[in-house]
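Novice: Let me begin by handing over the structure; questions about it come next.
The values are calculated or read from the model by the stated rules, or taken from the named source; none is laboratory data. This is a predicted model, so every value here is computed, not measured. A quick note on method: Cβ atoms are made from the backbone with ideal geometry, for glycine too, and the neighbour counts reach across all protein chains shown.
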Ligand code: FES
């Protein structure tokens, strides 16, 4: 049902954790499944130099957050905007249809973190829309064990 890449990123997720003094933090959740994703970005000179995440959710949510943070590192802000859920799914060699919404959460989390960065710096990022599904930033994400 899952590709090898999805299984790999689920079993060995990259970039798990937090970034202290992150340039932007985005927290999104899906009310239906209850899954929550939090993404931290470090941005310098218009470039995403680091990305980390914490996800309390299903395996596909973990795998897509892992891949999304891998894809965004080293990208300019404009390039980062092109990381859609489709791009994340392609990088993972696909997801079952029932799990597509998990990849949407990853895209929304990246956008929410970019939005937060823009707000903190009083700038407008062309093409970036205010995230719909954001949850309050201080929302605690329970640790998965
Ligand atoms: Fe909701 Fe995967 S089941 S994010």
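Novice: Just wondering, is there one or more residues in the stretch 7-16 that are in a strand (DSSP E or B) and touching a residue at least 24 places away in the same chain (Cβ under 8 Å)? Spell out the reasoning first.
Specialist: Just the residues of the stretch 7-16 that are in a strand (DSSP E or B), to begin with: 16.
Okay, now just the ones that are also touching a residue at least 24 places away in the same chain (Cβ under 8 Å), so 16.
Among the residues of the stretch 7-16, at least one is in a strand (DSSP E or B) and touching a residue at least 24 places away in the same chain (Cβ under 8 Å), which makes the answer yes.
Novice: Let me ask another. Sort out which residues of the stretch 19-35 are within 16 Å of the ligand (Cβ to nearest atom) and in a strand (DSSP E or B), and write them in order of number. Talk me through it step by step, then tell me what you get.
Specialist: Within the stretch 19-35, the first condition is being within 16 Å of the ligand (Cβ to nearest atom), and the residues that meet it are 26-35.
26, 27, 28, 29, listed by residue number.
Novice: While we're on this one: Any idea which of (1) in contact with a strand residue (DSSP E or B) (Cβ under 8 Å, 6 or more places away or on another chain); (2) in contact (Cβ under 8 Å) with a residue 60 or more places away in the chain; (3) within 11 Å of the ligand (Cβ to nearest atom) is the one residue 57 doesn't satisfy?
Specialist: (2)
Novice: Regarding residue 91, is this residue over 13 Å from the mean Cα position of the chain (by Cα), at pLDDT 95 or above and under 24 Å from residue 129 (Cβ atoms)?
Specialist: Considered against the rule, which asks whether it is over 13 Å from the mean Cα position of the chain (by Cα), at pLDDT 95 or above and under 24 Å from residue 129 (Cβ atoms), residue 91 comes out as yes.
Novice: Would you mind stating whether residue 62 is within 16 Å of the ligand (Cβ to nearest atom) and crowded, with 20+ Cβ neighbours inside 10 Å?
Specialist: Working: within 16 Å of the ligand (Cβ to nearest atom): yes; crowded, with 20+ Cβ neighbours inside 10 Å: yes.
Spelling it out, residue 62 is indeed within 16 Å of the ligand (Cβ to nearest atom) and crowded, with 20+ Cβ neighbours inside 10 Å.
Novice: Scan the helices (runs of 4 or more DSSP H) fully inside the stretch 76-133 and keep the ones with 3 or more residues being over 13 Å from residue 63 (Cβ atoms) and in contact with a strand residue (DSSP E or B) (Cβ under 6 Å, 6 or more places away or on another chain).
Specialist: 100-121
Novice: Quick one: residue 46 ticks every box in (1) out of contact with any helix residue (DSSP H, G or I) (no Cβ under 6 Å at 6 or more places or on another chain); (2) away from the ligand (no atom under 15 Å from the Cβ) bar one, so which box is it?
Specialist: Unmet condition: (1).
Novice: Does residue 38 count as within 16 Å of the ligand (Cβ to nearest atom), surrounded by fewer than 20 Cβ atoms within 10 Å (Cβ to Cβ) and either in contact (Cβ under 8 Å) with a residue 60 or more places away in the chain or over 17 Å from residue 125 (Cβ atoms) (or both)? Outline the logic, then answer.
Specialist: Values: within 16 Å of the ligand (Cβ to nearest atom): yes; surrounded by fewer than 20 Cβ atoms within 10 Å (Cβ to Cβ): no; either in contact (Cβ under 8 Å) with a residue 60 or more places away in the chain or over 17 Å from residue 125 (Cβ atoms) (or both): yes.
When the stated conditions are applied, residue 38 does not pass them.
Novice: A follow-up question, please. Please state which of the following conditions residue 32 fails to meet, knowing it meets all the rest: (1) at pLDDT 95 or above; (2) farther than 17 Å from residue 13 by Cβ; (3) surrounded by fewer than 18 Cβ atoms within 10 Å (Cβ to Cβ).
Specialist: (1)
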